[in-house]
Amino acid sequence: MKNDLLIRLTVFKVYIMHLLFSFLRVFVPKKEKELLFIPSHQVDRFSGNLKSFYDYIAIHQPDYSSYIFLTKEGSKQVAYPTVSGTLSLLWRLVRADYVIIDGSNPYLISKQLSVIQLWHGCGLKNVGLSNQNTDKNLLRLFERHFATYRLVTALSEYDANKHNHDFKTDKAQVTGIARNDVFFQSESGLEALRAALGIVGFRRIITYAPTFRDHFTVANFTEPFWQELNSLLATNNDCLLIKKHPWDRFLIVPEGLSHIRDISSVVDDVQQLLIVTDLLISDYSSIVTDYVITKRPVLYYLFDHALYLSTCRSMSDPIEELLPGPFIYDERMLLDYLAQDTWMEDPELKLRSTDFIYKFHHYFDGHSCARIFEAMAKLK
């Protein structure tokens, strides 16, 4: 009942916003080369694809004016030109040549908007109109929202086809995604980054970065396992970094473990973490499609597989067919894989991993931001 009320309130606010926008549009023209960035995935932070593309434009296209809409609290934490509040947002929306987002935003439904979608994830979960768990009233708003898209960035043909299907559009283009350009930058600053994270001197950096759960399923790890895992890491001189999804409410990391560190509140931009990661542990998160561009190993820890599919999200394809593996279904199995590295040399795994990389990546050059800008400029 409470959820239904919140949805109705959202729908009401969307249409009020739409009426105000339409009224202002009669009197206020667009300003050429003015861009408005609106984080849809993390509304109080500026990171990921949006930040990468913004920084590219600031450096390479100085004749463009760019603004970022953040919450008032978020605005205090960034050194960028920001706007906050509904009235400021309306003014910038009316003036913007293009509105650039990284997730679905039901408030952007006017046909007079030109939206560039730098989607925050890639290709595993059912999203948009394919997400069967979305309320029907919101789906109708989303369908109108998707109609405002002028460009949707994609990693590959597979990714583009999925975006076109999920968003009921034909605007997806294979450009690469902005945040992955970091993987092709100079390694000169990596030591400084390792020092800043306090991870110098370890044999191997392992990162655990699971996606969020809409509802609690089961605990990622039992309490005794944390201690056992820490002992193994200490023996091998490995360090495990925990990076929670921004929407995660259930993963609790014990304090006082010598070789396990929760850096979720320290690192905003997960890409900065991935470039110093030697082994990634994840699950259904699209972070794996970013990380595999490095051609480093991944373990897929599916500790709640059946429950996740039944209570949280469905997949575009069976997960065991979509991902290359290895698939880990319990903490004991995970410990066995972390204790030895021979699985990394499995020829069949290497072949599946290579197929997965080229299914999700067309470009390997660090020029995605340039291609996105070029595609946007051609829309005129």
Set R179, R194, R261: member being farther than 24 Å from M344 by Cα, modelled with pLDDT of 90 or more, part of a helix (DSSP H, G or I) and open to solvent by 20 Å² or more (accessible area, probe 1.4 Å): R179
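Residue-by-condition table, conditions (1) modelled with pLDDT of 95 or more; (2) within 17 Å of H361 (Cβ to Cβ); (3) not β-branched (V, I, T):
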site	(1), (2), (3)
S130	no, no, yes
L138	no, no, yes
L141	no, no, yes
Y149	yes, no, yes
D170	yes, no, yes
V174	yes, yes, no
F183	no, yes, yes
Output for segment 54-83, where each listed residue is surrounded by fewer than 19 Cβ atoms within 10 Å (Cβ to Cβ), assigned to a loop (DSSP other than H, G, I, E, B) and at pLDDT 90 or above: Q61, P62, D63, Y64
Single match in L302, L274 (criterion: touching a residue at least 12 places away in the same chain (Cβ under 8 Å), over 21 Å from F183 (Cα atoms) and either open to solvent by less than 10 Å² (accessible area, probe 1.4 Å) or of a type in the set (V, I, T) (or both)): L302
Failed criterion for V99 (all others in (1) in a helix (DSSP H, G or I); (2) in contact (Cβ under 8 Å) with a residue 40 or more places away in the chain hold): (1)
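A quick yes/no check of all residues on (1) in contact (Cβ under 8 Å) with a residue 40 or more places away in the chain; (2) among the small types (G, A, S):
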position	(1), (2)
I199	yes, no
W226	no, no
L251	yes, no
S258	no, yes
Residues (within 20 Å of the chain's Cα centre (by Cα) and outside any helix (DSSP H, G or I)) located in segment 339-364: H361, H362, Y363, F364
Whichever residue in segment 152-176 is part of a helix (DSSP H, G or I) and in contact with a helix residue (DSSP H, G or I) (Cβ under 7 Å, 6 or more places away or on another chain) and, among such residues, is most open to solvent (accessible area, probe 1.4 Å): H165
Sole exception among (1) closer than 30 Å to N161 by Cβ; (2) of a type in the set (A, V, I, L, M); (3) not in a strand (DSSP E or B) for V94, by number: (1)
Selection within segment 33-43 - open to solvent by 20 Å² or more (accessible area, probe 1.4 Å) and modelled with pLDDT under 95: S40, H41, Q42, V43
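The values are calculated or read from the model by the stated rules, or taken from the named source; none is laboratory data. Keep in mind the model is a prediction, meaning the values are calculated, not measured. Quick reminder, even Gly has a Cβ in these numbers, built from the backbone with ideal geometry, and neighbours come from all protein chains shown. The protein model used for the area step is the full one, side chains on, heavy atoms only, and it has no ligands, DNA or RNA in it. Shrake-Rupley method; radii C 1.70, N 1.55, O 1.52, S 1.80 Å.
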